[in-house]
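Take this structure first; my questions come after.
The values are calculated or read from the model by the stated rules, or taken from the named source; none is laboratory data. This structure is a prediction, so every number in the text was calculated from the model and none was measured. Methodologically, a virtual Cβ is constructed for each residue, glycine included, from the backbone with ideal geometry; neighbour enumeration extends over all protein chains shown.
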Amino acid sequence: MKKSQDGKALILRLVEVEGRETQAKLSLAPGLLSGGVRGGVSAVEVDTLERPLEGRDVRLKGDALLVKVPAFGMSTVCIRSG
C-alpha cells in the first residue's frame, strides 16, 4: 500500500502466490480515505505506472474491495475519493 504518484489516491498491490486465480476481498476502514468508502470513493485497476486498465473487474461493495488476481500474478488497484 502506498500513496499514488499524484498524492491524491491510495495504491494497493495484491500478489497471488499459490497458482490459483483468486477473487480477493479486502475490508477497508471507513476512515481510510477522506469521506470514507461510502463518500464517493472509486476503485480502478491500474498498471504499475498507475495508468487505468480497460475491462478489469474491480468493485467496491460497501466497505469491501473486490478484485480478481491472476494465478502467480499481481493486481494493482487505485482507490480515489471524490
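Looking at segment 37-82, which of its residues are closer than 12 Å to LEU26 by Cα, exposed (fewer than 14 other Cβ atoms within 10 Å of the Cβ) and either touching a residue at least 12 places away in the same chain (Cβ under 8 Å) or among the small types (Gly, Ala, Ser) (or both)?
ARG59, GLY62, ALA64
Hey, among the residues in segment 1-19 that are assigned to a strand (DSSP E or B) and in contact (Cβ under 8 Å) with a residue 24 or more places away in the chain, which one's surrounded by the fewest Cβ atoms within 10 Å (Cβ to Cβ)?
Filtering first and then ranking leaves VAL15.
Same structure again: In segment 22-38, which residues are part of a loop (DSSP other than H, G, I, E, B), among the aliphatic types (A, V, I, L, M) and either under 12 Å from the mean Cα position of the chain (by Cα) or modelled with pLDDT under 70 (or both)?
Hits for segment 22-38 are LEU28, LEU32, LEU33, VAL37.
Please enumerate the residues belonging to segment 39-72 that are among the basic types (Lys, Arg), modelled with pLDDT of 90 or more and in a strand (DSSP E or B).
Within segment 39-72, ARG59, LYS68 qualify.
Are there any pairs, at least 6 apart or on different chains, whose C-beta atoms fall under 7 Å, with the first in segment 20-32 and in contact (Cβ under 8 Å) with a residue 24 or more places away in the chain and the second exposed (fewer than 14 other Cβ atoms within 10 Å of the Cβ) and assigned to a loop (DSSP other than H, G, I, E, B), and if so, which?
ARG20/ALA71; GLU21/PRO70; GLU21/ALA71
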